[in-house]
Amino acid sequence: MKDLIVFDMDGVLVDVSESYRSAIQATVLHFTGTQPTNDEVQVWKNKGGFNDDWKLSHRMIQELGEEVAYDDVVNRFQQIFLGENNDGLILRERWLAGEGLFERLARRHHLAVFTGRLGAEAQLTLDRFAKTTFNPVVGADHVANGKPHPEGLHKIRASVPHGKSWYLGDTVDDARASRAAGVPFIGIASPAAPRHAELAQLLRDEGAVAVIDDINSLEGVLAANS
Ligand SMILES: [Mg+2]
């Protein structure tokens, strides 16, 4: 029986520093006149509880002293991220896996995705880079409880017969979801990201069996832990 690897999407499969992270910054700028730095966004992410970028944008706007309706924040964010015809910042995403990585992994593993994105937004990006690699793809609108709740991981594990399972993520909320589900967690802390060392330590503190720079080091971790 194959083992199961579940991937978070943003910061794991795709570099979203120019898409979701920029959309947060631009949304906060729009409503407050102040553009937060990438580092400031990461401080909130590292606190946990802000996996949802709409919720985070709304909260950052409040912190800057502006009261804006949540729906207005969501609408503006989506306009910036998706653009008129899915031609917004979403097009600035960069696929992180090297050539052949998933083909090699798929020989001995089921590959699935559990993301805080809406299912359709996850699919838009997967269709560009890896259309049929992951099954199932569980998004925010496929679960009643988002991360750090483990519902999505339970759902995926129940849908695929598997041996061992793993979850790969890049935030504290990913690590907490994994621990709550009883699934070994592999953390990703990109050296290019702000607060890289702090994030790596936080992920270890949350029980990560390993913390790696990016997804292309995954095979080494699996070999060492098999
Ligand atoms: Mg992520």
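Things worth noting here:
- In the chain, the convex hull through the Cα atoms has an average projected area of 11.6 nm², a quarter of its surface area.
- 5 angstrom amide H check on L4, placed H, neighbours 5+ away: H110, G163, K164, S165, W166
- Put simply, when 5-17, 68-80 are sorted by average Cβ atoms within 10 angstrom per residue, most first, you get 5-17, 68-80.
- If you take all other residues with their beta carbon under 14 Å from the beta carbon of K45, and give Lys and Arg +1 and Asp and Glu -1, the sum is -4.
- The residues packed around Y70, meaning those with a beta-carbon under 15 Å from its beta-carbon, carry a net charge of -4 if Lys and Arg are +1 and Asp and Glu are -1.
- Pairwise FRET efficiency - H149 versus Q62, Cβ, R0 = 30 Å, nearest 0.05: 0.80
- If you count Lys pairs in the chain whose Cα atoms are under 16 Å apart, skipping same-chain pairs closer than 8 places in sequence, the total is 8.
- 3J(HN,Hα) along segment 177-194: 4, 5, 4, 5, 8, x, 10, x, 10, 10, x, 10, 10, 5, x, 7, 7, x Hz, from the Karplus curve 6.51 cos²θ - 1.76 cosθ + 1.60 with θ = phi - 60°, whole Hz, x for Gly and Pro.
- The charge dipole of the chain, taken about its Cα centre with unit charges on the Cβ atoms of Lys, Arg (+1), Asp and Glu (-1) only, comes to about 900 debye.
- Using alpha-carbon coordinates, inclination of helix 119-129 to the longest axis of the chain, degrees: 70
- For a label point 7 Å along the Cα-to-beta-carbon line of A180, residues of segment 134-172 with backbone N under 12 Å: 144-154
- Taking a point 7 Å out from the Cα of D205 in the direction of its Cβ, the residues of segment 143-161 whose backbone N falls within less than 20 Å of it are 148-149.
- Whole-angstrom gap from segment 21-90 to segment 141-215, using each part's C-alpha centre: 23
- Rounded to 10°, Cα long-axis angle of helix 196-205 versus longest principal axis of the chain: 50
- Computed from phi, the 3J(HN,Hα) profile of segment 95-109 under the Karplus parametrisation 6.51, -1.76, 1.60 (θ = phi - 60°) reads 6, 9, 6, x, 3, x, 4, 6, 4, 5, 4, 5, 4, 10, 9 Hz, with x in place of Gly and Pro.
We did not get these values from a lab; they are worked out from the coordinates using the rules stated. Values in this document were obtained by computation on a predicted structure and should not be read as measured data. Note that we place each Cβ from the backbone using ideal geometry, even for glycine, and neighbour counts take in every protein chain shown.
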